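Please read the structure below before turning to the comments.
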Amino acid sequence: MKKRTFRRLGRVLLALTMAVCLTAAELTPALAVTQAEIDKLKNEASELKSQKKNLQKQLDGLAGDKAAVLDRRKKLDDQIETTGAQIRNAEAQITAYEGLIAQTEAELADAEQREAEQYELFCKRVRAMEKRGTVSYWSVLFKADSFTDLLTRMDAVNEVMDADQKVIDDLKALQEEITQKKASLETSKAEEESAKAELVSKKKELDQQRQEAIALVKEIEANEKEYQSTINALAQEEENILAEALRLSKKLAEEQAAQGKPVHSNPGGYIWPVDSRYITSTMGGRSSPGGVGSTNHKGTDIGRVGYTSKIYAAKAGTVIVSQYSNSYGHYVVVSHGAGNTTLYAHMSSRKVSVGQYVNQGDVLGITGSTGHSTGPHLHFEVTENGVRVNPLNHGANPKKGYLTGYTLSGSA
Ligand SMILES: [Zn+2]
């Protein structure tokens, strides 16, 4: 209260069907064939040929639409990545503003403390002057009874004024510092608010993009017959990826052996690639999501990971693939020796590049739902001796060094 009164006083003082109809030619049995009829048939044949050609063109166009769906999905994943980066940027800005605001507030409190002290000093001087009876310079000067007395009094007043002027100048500087800090605090708070508003709008945008991306994959699955070629292409892509990964792991192991580096290809010894232990789909046959048809599931799906969980290297090794595919989205393959690889798919972002050596537990990327995926999960694949193996330690013959302690979806 007292401090505030002093300060106030100080201020007073200082101023986002096609239908095809094939009309078959009506071939009426004729007893006598005339040239005109032949010509008519020829015409019809020509017409059929033209229709067929046109049909093929439309089918090609349809295939093009399917490819466009995948293209659209890829573009959406790209957008999602960009939006994610914008979100991380806004979050970093907010953190920075928070730090700046805390710092400015501390500096402001310090300046206010110094101002109070300085003002107190000023008041002491005024009190001392009161005691000496020199409370008013003017009254001191007016009391002069002669010119000599006036000069003597002016000298005494100048001395007091110089000392007081320093106290007053310091006080003025402190008050200017406080005014500036308060203004910069207001600016920082306003900028933090706009970064927060940006974050909210970007998160909403990200959510819409994710829903749109998932809707596209669901569209492919719901229109399974129409999109069969797309589904086949995705499955083929997965097989090509496996073949390429095995080729690379073999090549890498040969290079490493040539360089005299030890090549580890001992089975097992894996750690969980995410913190979640919730298995939504095991390796082998399963119904495809949406209950339409079935696919031979090539990996182990780990759910309850959201879009922000870290994905760890299940075993130490060298990154041999880090890229985007229509089936796996953003995915990474690590080689642990010839024919021994681990694959991590549907990442929202990848954190490693080809050629990089990773220790067991190192972060490879962040979970997501990119590629052929209808929700965030980690699709994890393990190959040993060039074939896919089930990394889960379950069944009658538990294997040492494989994944344990999980919960299967539906069992809990
Ligand atoms: Zn999967």
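Values in this text are rule-based calculations from the coordinates and carry no lab data. Keep in mind it's a predicted model, so treat the numbers as computed, not measured. Note that each Cβ is placed from the backbone with ideal geometry, even for glycine, and that neighbours are counted across all protein chains shown.
Given Lys66/Lys203; Lys66/Lys204; Lys203/Lys315; Lys75/Lys218, which pairs have Cα atoms separated by over 23 Å?
Lys66/Lys203; Lys66/Lys204; Lys203/Lys315
Only counting other Cβ atoms within 10 Å, I'd like Lys250, Lys204 sorted with the fewest neighbours first.
Result, fewest neighbours first: Lys204, Lys250.
Using θ = phi - 60° and the Karplus relation 6.51 cos²θ - 1.76 cosθ + 1.60, list the HN-Hα couplings for the range 167-173 in order, rounded to whole Hz, with x at every Gly or Pro.
Calculated HN-Hα couplings, in order: 5, 5, 4, 4, 5, 4, 4 Hz.
Treat each spin label as a single point 7 Å out from the Cα along the C-beta direction, and report the Glu198 to Lys251 distance in nm.
Those two pseudo-labels are separated by 4.2 nm.
When N counts the residues of the range 187-330, how does its alpha-carbon radius of gyration compare numerically with 2.2 N^0.38 Å, as a ratio?
1.41
What order do you get for 263-269, 325-331 when each peptide is scored by the mean count of other beta carbon atoms within 10 Å, highest first?
With the highest mean Cβ count within 10 Å placed first, the list reads 325-331, 263-269.
Could you give the nm distance between label points at Asp275 and Lys131, where each point is 7 Å from its Cα heading toward the beta carbon?
With each label point 7 Å from Cα toward Cβ, the separation is 6.6 nm.
Just to check I understand the Karplus step: with θ = phi - 60° and J = 6.51 cos²θ - 1.76 cosθ + 1.60, what whole-Hz values come out for the range 378-384, glycine and proline as x?
With coefficients 6.51, -1.76 and 1.60, one gets 9, 9, 10, 10, 10, 10, 9 Hz.
If the cut-off is a Cα-Cα distance under 16 Å, which aspartates and glutamates reach Lys131, setting aside same-chain residues fewer than 8 apart in sequence?
Straight-distance partners of Lys131: Asp164.
Be a star and scan the range 195-216 for residues whose amide nitrogen sits under 17 Å from the point 7 Å along the Cα-to-Cβ vector of Gln79.
201-216
Residue by residue, what Karplus-based ³J(HN,Hα) values in Hz, rounded to whole numbers, does the range 234-249 have, using 6.51, -1.76 and 1.60 with θ = phi - 60° and x for Gly and Pro?
Per-residue couplings from phi come out as 5, 5, 5, 4, 4, 5, 5, 5, 4, 4, 5, 4, 5, 5, 5, 5 Hz.
Modelled label-to-label distance, Val363 and Glu224, 7 Å Cα→beta-carbon offset: nm?
Inter-label distance under the simple model: 3.9 nm.
Rounded, prolate or oblate: pick one for the range 312-412, where a ≥ b ≥ c are the square roots of the eigenvalues of its C-alpha gyration tensor, a/c under 1.5 means rounded, and failing that, prolate if a/b is larger than b/c, else oblate.
oblate
What is the order of Ile231, Ile214, fewest Cβ neighbours within 10 Å to most?
Ile214, Ile231
P(r) tail for the range 228-408, what percent of Cα pairs lie past 21 Å?
More than 21 Å apart: 45 percent of the Cα pairs in the range 228-408.
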